Amino acid sequence: MKRTPTALATVLLLAACASGPSQQASAVRNGDPATVNRDCKLLGTVSGRSIFGGSETARGEGAIADARAKAAALGATDIVFLTVDNSGMLNTGHATARAYRCEAK
């Protein structure tokens, strides 16, 4: 049986989509804008996107998870989402957020 590059790419994409968020990304909390702007250090703005296809909910959740993972990579403890858009080209989702590091009190 001959495997095509397209079939292999599809399998790899599905495997990537099936994996859950990393432990670090799961630890990034949704921050309250009033609190984080006052008490935390802004690390930067992150953008997340989801792979094409799926329901609007799934596209939005995928984009949020991607942004959360990028915030975790910066060392963020909290994140504040600015936009989440499910209507991207080719049925992709996009999310933009600010990543913050808040010291434990």
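Which of the residues that make up segment 9-33 are open to solvent by less than 70 Å² (accessible area, probe 1.4 Å), at pLDDT below 90 and not in a helix (DSSP H, G or I)? 20, 22 - these are the residues of segment 9-33 that are open to solvent by less than 70 Å² (accessible area, probe 1.4 Å), at pLDDT below 90 and not in a helix (DSSP H, G or I).
If you go through segment 46-105 and keep only what is without any contact (Cβ under 8 Å) to a residue 40 or more places away in the chain and of a type in the set (D, E, K, R), you end up with 56, 59, 61, 66, 70, 85, 105. On the stretch given as segment 34-45, residues that are open to solvent by 60 Å² or more (accessible area, probe 1.4 Å), under 12 Å from residue 102 (Cα atoms) and either in contact (Cβ under 8 Å) with a residue 12 or more places away in the chain or touching a Gly at 6+ places or on another chain (Cβ under 8 Å) (or both) total 3. Taking into account only those residues within segment 48-91 that are surrounded by 14 or more Cβ atoms within 10 Å (Cβ to Cβ) and of a type in the set (Ser, Thr, Tyr), which is nearest to residue 23 (Cα to Cα)? By that ranking, first place goes to 77.
The values are calculated or read from the model by the stated rules, or taken from the named source; none is laboratory data. What you are looking at is a predicted structure, and each value in this text was computed from that prediction instead of being measured. Don't worry about glycine lacking a Cβ; one is built from the backbone with ideal geometry, like all the others, and counts go over all protein chains shown. What goes into the accessible areas is simple: the full protein's heavy atoms, side chains included, and nothing from ligands, DNA or RNA. Shrake-Rupley method; radii C 1.70, N 1.55, O 1.52, S 1.80 Å.
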